[in-house]
Amino acid sequence: MNEVKTPKKPLIYYYVIVLLVLMLFNFLAMPWMAQRQIREVDYNTFVEMVKSGEVGRAEIQEQENRILFTDPDETVIYKTAMVGDPDLIQRLLDADVPFYGEEIEQASPLLTFLLFWVLPIVIFVAIGQYMSKRMMKNAGGPNAMMFGKSNAKVYVKSSEGIKFSDVAGEDEAKDNLKEIVEYLHDPKKYQEIGASMPKGILLVGPPGTGKTMLAKAVAGEANVPFFSMSGSEFVEMFVGMGASKVRDLFRQAKEKAPCIVFIDEIDAIGKKRDGQLGGNDEREQTLNQLLTEMDGFEGNNGVIILAATNRPESLDPALTRPGRFDRRVPVELPDLKGREDILKVHAKKIKVAEDVDWGKVARMASGASGAELANIVNEAALRAVRDGRRFATQADLEESIEVVIAGYQKKNAILTDQEKWTVAYHEVGHALVAAMQTHSAPVQKITIIPRTSGALGYTMQVEEGNHYLMSQEELENRIATLTGGRAAEELIFHSASTGASNDIEQATKLARAMITRYGMSEGFGMVALETVNNQYLGGDTSLACSAETAAEIDKQVVSLVKKQHEKAAKILEENQDKLHELSKYLYEKETITGDEFMEILNR
Ligand code: ADP
Ligand code: ZN
């Protein structure tokens, strides 16, 4: 619950590094030190060395009663005691050894002491300081010296520079946020009239739709500092840290006002306080502190809090009441136009062929989020490099959509002939049922090249335009289409394969939703039997009815799917020759486009 995060670099690293530095120091400095150490020789040796020319320079130190001398390279220093030798000067003169002049430097005892004892300690301490500073930065401060300090990052506009123009699509969200920018530019205008800005704005939407980007863009447009912190960062450490971090964040923000405070994943702290036994005290304290801070500052002090979440339904109502996060800005998945714009924004960062049809790419990438689109463009650039091209082409983009959605092509997955036929009939079954119901091209493209995601075949659906309502008939047709794959297998091979598991899952989900949520059941009327838990993350549901009703729901789901399955089977049976023709084409070519599909169908 109250996790204690271990520092990212354990202490052992510290010791290893210190040890290495000491070894390096010894390795480099010791030889030098050793040389500067004075070697003591007896007088005879000195005389011999002078004679044989092994002495470079000498210095007679009468007070100390000794002679210092070096070898010819002056790397080693020798010392010998002075004896009453009257020939000393003559010997040196004969051997041409200079003995007056520069003193022979020797390592003083003080220097030796410093080098051997003090320097290593200084190095030790310096590295220690450096490392602990780094650890503080990395770990976000589980450190005695940093107790209670927030590590909110300060982004200043110039360093990030994200503007609204960098965020493609999302026009409603941008319109909504422009008011904030206006306010930050000229708060007086609002104060004069007595209007106060909302203190908190909640950006709500699926992951990767650009919520963080939008928050940064508000700061960038308004040219104000941007503090950002993730909700999970508040609650990750010791008890009480979360609350004090909130306090600290707001203290910093107020100093820098006007500014933007951005809290990502606010659901991590803002979950409903359910009062369960063993609830997360730490989280609740943090949330309470956040609420207190938000109440605490007066309307117009210029601190605007933006928060992002993809599970708005789980937020505590106290957080969303007026005066706190009272404005909600939906940031939805981009529509066709939005996707095209996002692709173009990201395409500016790479080199692309001039004839790329962005509309087509956007149509193919239906349902992709902004982050996925960014990824698609980058993947296309990578593919171009891999193939030795200097710019990305339409083909690169199309292939990278499939990579992002379905994974890489599995080059060495070898399907048996029978499997390949099965996959071909299965995929054509889907497409044919769809086409016969709507009388239009149902797919962009079908391929039966296996993908690393495990899909053996892959159908890219045609974007149905911006579709906000679906009729009961359309929903039923969708279920029929989903069962079309299995129906084709049954019709042709008189057997079932495991390839339909995903279809079954989707068809069931759709049928359940029709009965429990859309009021398209027999006999239940307009009663909600299920509630959606998280709209933006998979959309799990939970039942809200009695056991008997649940049993009845199951019965109706089964009969609904069965009816559509029979309808699909009938359509395929009536068009068996087309089914064979299309499947044969797909089997041979491994890929069929929507146009080719319709061309064969209408022949
Ligand atoms: P979120 O916070 O909603 O999960 P982000 O703002 O972190 O999403 O977006 C992730 C990445 O996706 C961004 O860095 C950007 O490259 C890309 N992206 C998402 N939405 C858009 C958009 N509308 N326009 C341009 N790029 C986008
Ligand atoms: Zn299928």
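Screening the candidates GLU313, GLU398 for the property of being in a helix (DSSP H, G or I), away from ligand 2 (no atom under 16 Å from the Cβ) and under 30 Å from LEU290 (Cα atoms) yields one hit, GLU313.
Condition check ((1) assigned to a loop (DSSP other than H, G, I, E, B); (2) of a type outside the set (Val, Ile, Thr); (3) open to solvent by less than 70 Å² (accessible area, probe 1.4 Å); (4) touching a helix residue (DSSP H, G or I) at 6+ places or on another chain (Cβ under 7 Å)) across all residues:
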{"residue": "THR45", "(1), (2), (3), (4)": "no, no, yes, no"}
{"residue": "VAL50", "(1), (2), (3), (4)": "no, no, yes, yes"}
{"residue": "GLU54", "(1), (2), (3), (4)": "yes, yes, no, no"}
{"residue": "ILE60", "(1), (2), (3), (4)": "no, no, yes, no"}
{"residue": "GLU64", "(1), (2), (3), (4)": "yes, yes, no, no"}
{"residue": "LEU68", "(1), (2), (3), (4)": "no, yes, yes, no"}
{"residue": "PRO72", "(1), (2), (3), (4)": "yes, yes, no, no"}
{"residue": "THR75", "(1), (2), (3), (4)": "yes, no, yes, yes"}
{"residue": "LYS79", "(1), (2), (3), (4)": "no, yes, yes, no"}
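For GLY169, the conditions (1) on the phi < 0 side of the Ramachandran plot; (2) within 15 Å of ligand 1 (Cβ to nearest atom); (3) part of a loop (DSSP other than H, G, I, E, B) all hold with the exception of (1). If you go through segment 221-231 and pick out every residue that is assigned to a helix (DSSP H, G or I) and in contact with a strand residue (DSSP E or B) (Cβ under 8 Å, 6 or more places away or on another chain), you end up with 2. Would a scan of segment 165-175 turn up a residue that is among the basic types (Lys, Arg), in the same structural domain as LEU287 (by TED's automatic domain parsing) and over 30 Å from ASP281 (Cα atoms)? Within segment 165-175, one or more residues are among the basic types (Lys, Arg), in the same structural domain as LEU287 (by TED's automatic domain parsing) and over 30 Å from ASP281 (Cα atoms).
Beta carbons closer than 6 Å, at least 6 apart along the sequence or on distinct chains, pair a first residue in segment 470-499 that is touching a residue at least 40 places away in the same chain (Cβ under 8 Å) and away from ligand 2 (no atom under 13 Å from the Cβ) with a second that is among the hydrophobic types (A, V, I, L, M, F, W, C) and open to solvent by 20 Å² or more (accessible area, probe 1.4 Å) for GLN472/MET520. Of the strands (runs of 3 or more DSSP E) lying entirely inside segment 486-602, those carrying at least 1 residues that are closer than 24 Å to ASP417 by Cα and open to solvent by 30 Å² or more (accessible area, probe 1.4 Å) are 591-593. The lone criterion from (1) touching a strand residue (DSSP E or B) at 6+ places or on another chain (Cβ under 7 Å); (2) assigned to a helix (DSSP H, G or I); (3) of a type in the set (A, V, I, L, M, F, W, C) left unmet by ALA371 is number (1).
Let me spell it out: the conditions are (1) modelled with pLDDT of 80 or more; (2) in a loop (DSSP other than H, G, I, E, B); (3) open to solvent by 40 Å² or more (accessible area, probe 1.4 Å), and VAL83 meets all of them except one. Which number is the exception? VAL83 satisfies every listed condition except (1). Being at pLDDT below 85, under 24 Å from the mean Cα position of the chain (by Cα) and within 18 Å of GLY499 (Cα to Cα), is that true of even one residue in segment 428-450? Among the residues of segment 428-450, not one is at pLDDT below 85, under 24 Å from the mean Cα position of the chain (by Cα) and within 18 Å of GLY499 (Cα to Cα), which makes the answer no.
Among the residues of segment 325-345, write down those that are open to solvent by 40 Å² or more (accessible area, probe 1.4 Å) and assigned to a helix (DSSP H, G or I).
Across segment 325-345, the qualifying residues are LEU336, LYS337, GLU340, ASP341, LYS344.
Filtering LYS348, LYS360 for residues that are without any contact (Cβ under 8 Å) to a residue 40 or more places away in the chain, surrounded by fewer than 22 Cβ atoms within 10 Å (Cβ to Cβ), away from ligand 1 (no atom under 16 Å from the Cβ) and not assigned by TED's automatic domain parsing to the domain that holds ASN176 leaves a single hit, LYS360.
Scanning segment 222-235 for residues being farther than 13 Å from LEU249 by Cβ, surrounded by 21 or more Cβ atoms within 10 Å (Cβ to Cβ) and touching a Lys or Arg at 6+ places or on another chain (Cβ under 6 Å) gives a total of 1.
The values are calculated or read from the model by the stated rules, or taken from the named source; none is laboratory data. Because the structure is predicted, anything quoted here is derived from the model rather than measured. For neighbour counting, all protein chains shown are included, and Cβ atoms are generated from backbone atoms with ideal geometry for every residue, glycine included. Each accessible area value is taken on the protein alone, full model and side chains, heavy atoms only, with ligands, DNA and RNA left out. Shrake-Rupley method; radii C 1.70, N 1.55, O 1.52, S 1.80 Å.
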